[in-house]
Every structure is written in structure tokens, then in C-alpha cells.
1. Return yes when residue 143 is surrounded by 18 or more Cβ atoms within 10 Å (Cβ to Cβ), under 25 Å from residue 69 (Cβ atoms) and either of a type outside the set (Val, Ile, Thr) or at pLDDT 95 or above (or both) and no when it is not.
2. Would a scan of the stretch 24-39 turn up a residue that is part of a helix (DSSP H, G or I) and touching a Phe, Trp or Tyr at 6+ places or on another chain (Cβ under 8 Å)?
3. Does the stretch 61-104 hold any residues that are out of contact with any Leu (no Cβ under 9 Å at 6 or more places or on another chain), open to solvent by less than 70 Å² (accessible area, probe 1.4 Å), modelled with pLDDT of 95 or more and in a loop (DSSP other than H, G, I, E, B), and which are they?
4. Checking residue 145 against (1) within 15 Å of the chain's Cα centre (by Cα); (2) in a helix (DSSP H, G or I); (3) of a type in the set (A, V, I, L, M); (4) more than 14 Å from the ligand (Cβ to nearest atom), which single condition isn't satisfied?
5. Out of the residues in the stretch 112-126 that are within 10 Å of residue 78 (Cα to Cα) and buried (at least 24 other Cβ atoms within 10 Å of the Cβ), which is farthest from the ligand (Cβ to nearest atom)?
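The values are calculated or read from the model by the stated rules, or taken from the named source; none is laboratory data. A quick note: this is a predicted structure, and the numbers were derived from the prediction, not measured. Methodologically, a virtual Cβ is constructed for each residue, glycine included, from the backbone with ideal geometry; neighbour enumeration extends over all protein chains shown. Only protein heavy atoms, including side chains, enter the accessible area calculation; ligands, DNA and RNA are left aside. Shrake-Rupley method; radii C 1.70, N 1.55, O 1.52, S 1.80 Å.
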Amino acid sequence: MTAPKIIALAGSLRKDSFNQQLINEAARFALESGAEVEIIKLADLNIPLFNQDIEAQGTPADVQLLKEKLRAADGILLASPEYNGSITAALKNAIDWASRTEQGAVPAFRNKVVALFAASPGGLGGLRGLNHVRDILSGVGSLVLADQLAVPAVHTILDENGQINNPNTAEKVSALAQQLVTVASKLS
Ligand SMILES: Cc1cc2nc3c(=O)[nH]c(=O)nc-3n(C[C@H](O)[C@H](O)[C@H](O)COP(=O)(O)O)c2cc1C
């Protein structure tokens, strides 16, 4: 069996993003479970606000790169911050760009297994936004796992190195990351 290819992505552009730290931890657990994992930081990519006029002049290089990485992947670990009960503009923008399909090409999100995470300093952990991202990704052909994890009061469970210092949360993040690796390995 070949190692499944997993992309780890967070929907925040913030340097000290809690969601980025959480998905880095999920990525570490997936790696320990035998997957090939690549962390992609949205802030490192030059992705303009989607505009069909820009698209008509050619897909931006970083969007093309993101699409190629998604196409090559079996699964996605995704941490989606909650803004006003929904997903961030940065994440929706990246999904909108990557969902555009050149003639004859495979849609980038099609048949990718996705494990959804959210993290928030608030009490619900960003849970409300996960319904929206689940809907959006299902609409572009991804297979979103039924299990998901929203981490409330996230600022209290990460140490200064971005590692989870709460065994109960670490166990839950690890279990969901492992579940993704197990399902994605059947596609690889
Ligand atoms: C515009 C805006 C709206 C927000 N709305 C919510 C919300 O609906 N629910 C919530 O739990 N946190 C909300 N927050 C707080 C975020 O959860 C918090 O800023 C978090 O750190 C963002 O994720 P990040 O650390 O990965 O960047 C909001 C923050 C911003 C800037």
C-alpha cells in the first residue's frame, strides 16, 4: 500500500493563527500514521480576490500550484476559522479559485477525503462555520468525513511552540487525523 498524500491547510492568513497551529499538529499526527503530508500556508500564496476578468487573463501561478497540489492529493486536513458564523473570506476565495476547472482537467477537489477542524478562543470552537465549509466542499465533489472537531478556548491548550498541551484535545486531533489517513489510504 502506498502512503496516502495529504495536504494540511488552514483558512487563516494570520501569522500566529490558532487554526494553523492546530492543523500543524494534525499534520504531525498524520505523518506519524504513515501519510505523506504537505502543509500549505495560504499566507505564502499570492492569491488575488477572485475576479473572472483576472481569470480571463490566465490563472495566477500560485492558484495553479495549489490546484496541482490538490489534484495530486488523496486527502485534506482543513482547519477553518469561524468569522461571523461562517468561513473566512480567504478560505472561500482559495476554494473558489481552485474549483475552476480547465477544459478536460479533473476538478481539484473531486474525490478528496476531507477532515474538518476548527479552533476559536470562543466557547463553540468555530463549530457553526464547519457546516458551511462542509456544504461548500461537498458541492465541489469532496468527500467530507462525518466526524469533525471544533476546539473551543484554543488559546488555553496550545503552548508557546504551537503544540497541544491538553492530552484530551491531542487525542481527539490525533484520532481524526488517523481516520483521514485510513480512509485516504484506500484511495491512494
Ligand atoms: C471578523 C471576525 C469575525 C469573527 N467571528 C467569530 C465567530 O463567529 N465565532 C468565533 O468563535 N470566533 C469569531 N472570531 C474570532 C476568531 O475565532 C479568532 O480571531 C481566531 O483567532 C481566528 O482564527 P485564527 O487564529 O486561526 O486566525 C471572529 C474574528 C474576526 C476577525
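1. no
2. The answer is yes, given that some residue of the stretch 24-39 is part of a helix (DSSP H, G or I) and touching a Phe, Trp or Tyr at 6+ places or on another chain (Cβ under 8 Å).
3. The answer is 73, 85, 99.
4. Status for residue 145: all satisfied but (2).
5. This residue is 115.
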